[in-house]
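*Asks:* Would you mind keeping the following structure in view while I ask a few things?
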């Protein structure tokens, strides 16, 4: 059976992607959650990941690190990771790769913290551009392939790659088109996303570097997490 190493649900957007994909596809796996800041620090992550980062997938003696590499590893072994239609699959791979390697301003300013609702003091132009690009991709995918997911009727890897933006949209409330907002709500309503979210709210851990980062972004309107331990 696969073992998937992840970190805090509240913070770890990278962990969410393969976890959500494997959960939605019904692939059996054992989850191993290692909170950020776990003793003995960085060594807690290098014990299972060559980069000291999450996510990391173990399949027997095979170790697969990086969310995109995990996705392609699974695609070689299981149907449904990518769309079967050639045009949809090509588009989905391109959109996923763009998300994986871009959107830096959005990620930096709208850091993932599932349990918070934050009002930004301003929306820098680069951040607005990134949200507009995400919106354009979502609208294109829904229009070309008929929805309700980005590459057609079924949830595939491209939806998993954009799932962290749904949590970010919930936290920061960017201005989105009706179609884009509908897609965000569709992702958030998935039982697997609700499972991730509820467990994120219940986590007792607080990782101060992530907390400090979130405090610097803007005004905290709500903190829906249970009190930290």
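Derivation of every value follows stated rules applied to the coordinates shown; laboratory data play no part. Predicted model, so just to flag it, every value in this text is computed and none were measured. Positions of Cβ are generated from backbone atoms using ideal geometry, with glycine treated the same way; all protein chains shown enter the neighbour counts.
*Asks:* Could you tell me what percent of the DSSP beta bridges with both partners in the chain are antiparallel, to the nearest 5? Each step should come with its number before you reach the end.
*Replies:* Values: 12 of 17 bridges.
Antiparallel: roughly 70 percent of the beta bridges in the chain.
*Asks:* Between residue 179 and residue 86, take the C-beta separation as r, use R0 = 41 Å, and let me know the FRET efficiency to the nearest 0.05.
*Replies:* Numbers: r = 24 Å, r/R0 = 0.60.
So the FRET efficiency works out to roughly 0.95.
*Asks:* If I take R0 = 45 Å and measure r between the Cβ atoms of residue 62 and residue 122 in this structure, what FRET efficiency does the formula 1/(1 + (r/R0)^6) give, to the nearest 0.05?
*Replies:* Values: r = 46 Å, r/R0 = 1.02.
It comes out at approximately 0.45.
*Asks:* Under a 10 Å cutoff between Cα atoms, tell me which one of 200, 44, 166 has the largest fluctuation in the Gaussian network model of the chain.
*Replies:* Between 200, 44, 166, it is 44 that shows the largest mean-square fluctuation.
*Asks:* If we count other beta carbons within 10 Å of each Cβ, what is the order of 70, 118, fewest first? Mind showing how you got there, number by number?
*Replies:* Details: 70 24, 118 20.
So the ranking, lowest neighbour count to highest, is 118, 70.
*Asks:* Within a 10 angstrom radius of the beta carbon, how do 221, 106 rank from fewest other beta carbons to most? List each step's numbers first, then the result.
*Replies:* On the way: 221 11, 106 23.
Neighbour counts put them in this order, fewest first: 221, 106.
*Asks:* Once you keep just the Cα pairs under 8 angstrom separated by 6 or more residues, what percentage relative contact order results for the chain?
*Replies:* Values: 331 pairs, mean separation 56.4, N = 229.
Relative contact order, the chain: 25 percent.
*Asks:* Let me ask another. In deg cm²/dmol, rounded to 500, what helix-only [θ] at 222 nm does the chain give when every DSSP H run of at least 4 residues adds -39500 (n - 2.57) and the total is split over its residues?
*Replies:* On the way: 10 runs with 117 residues, N = 229.
My calculation for the chain gives -15500 deg cm²/dmol from helical runs alone.
*Asks:* Taking a spot 7 Å from the Cα of residue 143 along the direction of its beta carbon, which residues of region 81-108 have an amide N less than 19 Å from it?
*Replies:* Zone members listed by number: 87-96.
*Asks:* Here's something else I'd like to know. List the extent of the Cα atoms of region 86-195 along each of their three principal axes, largest first, rounded to whole Å.
*Replies:* Each principal axis gives a Cα extent; for region 86-195 these are 42, 29, 24 Å.
*Asks:* I want to verify a result. In a Gaussian network model of the chain, Cα cutoff 10 Å, which of these has the top mean-square fluctuation: 83, 55, 209?
*Replies:* Highest fluctuation of the listed residues: 209.
*Asks:* To make sure I understand, if each residue's beta carbon is the centre and we count other beta carbons within 10 Å, what order do 9, 154 fall in, fewest to most? Each step should come with its number before you reach the end.
*Replies:* On the way: 9 24, 154 14.
If I rank by nearby Cβ atoms, fewest first, I get 154, 9.
*Asks:* How would you classify the chain from its alpha-carbon gyration tensor, with a ≥ b ≥ c the square roots of the eigenvalues: rounded for a/c under 1.5, else prolate if a/b is greater than b/c, otherwise oblate? All intermediate terms of the calculation are to be shown ahead of the outcome.
*Replies:* Values: a/c = 1.73, a/b = 1.03, b/c = 1.67.
Judged from the Cα gyration tensor, the chain comes out oblate (a/c at least 1.5, b/c at or above a/b).
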